[in-house]
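Here's the structure, in structure tokens; my notes come after.
The values are calculated or read from the model by the stated rules, or taken from the named source; none is laboratory data. No experiment lies behind these values; they were computed from the predicted model shown. We place every Cβ from the backbone using ideal geometry, glycine too, and count neighbours over all the protein chains shown.
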Amino acid sequence: MYSGKGFRTYFNLKYNLAKKLNIWTRYAMFIYKDVETVGSYLDEIQGNKKSEVKIQLRYQF
């Protein structure tokens, strides 16, 4: 995932739903230099950009 050259940027957000319950989200974008595709075989993406969204629900006890 981190091979090659380019940029990575991301945005994190944490929101408290209750005293012991919160939700975390992250949006990340990878921009690779001098490539026409990202990944290989079934994971191949046309273009030089790849993005992802992750969501985590956390309960603390």
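Flag: I23 matches the condition of being surrounded by 11 or more Cβ atoms within 10 Å (Cβ to Cβ), out of contact with any Ser or Thr (no Cβ under 6 Å at 6 or more places or on another chain), modelled with pLDDT of 95 or more and assigned to a strand (DSSP E or B). Just so you know, in the stretch 1-20 the residues that are modelled with pLDDT under 95 and closer than 14 Å to E52 by Cβ include one that is nearest to the chain's Cα centre (by Cα), and it is R8. Scanning the stretch 15-33 for residues that are among the hydrophobic types (A, V, I, L, M, F, W, C), touching a residue at least 24 places away in the same chain (Cβ under 8 Å) and under 30 Å from I45 (Cβ atoms) gives I23, W24, A28, F30, I31. Being surrounded by 10 or more Cβ atoms within 10 Å (Cβ to Cβ) and modelled with pLDDT of 95 or more, is that true of even one residue in the stretch 28-47? Within the stretch 28-47, one or more residues are surrounded by 10 or more Cβ atoms within 10 Å (Cβ to Cβ) and modelled with pLDDT of 95 or more.
When the criteria are applied in full, G6 meets the requirement of being surrounded by 11 or more Cβ atoms within 10 Å (Cβ to Cβ) and in contact (Cβ under 8 Å) with a residue 40 or more places away in the chain.
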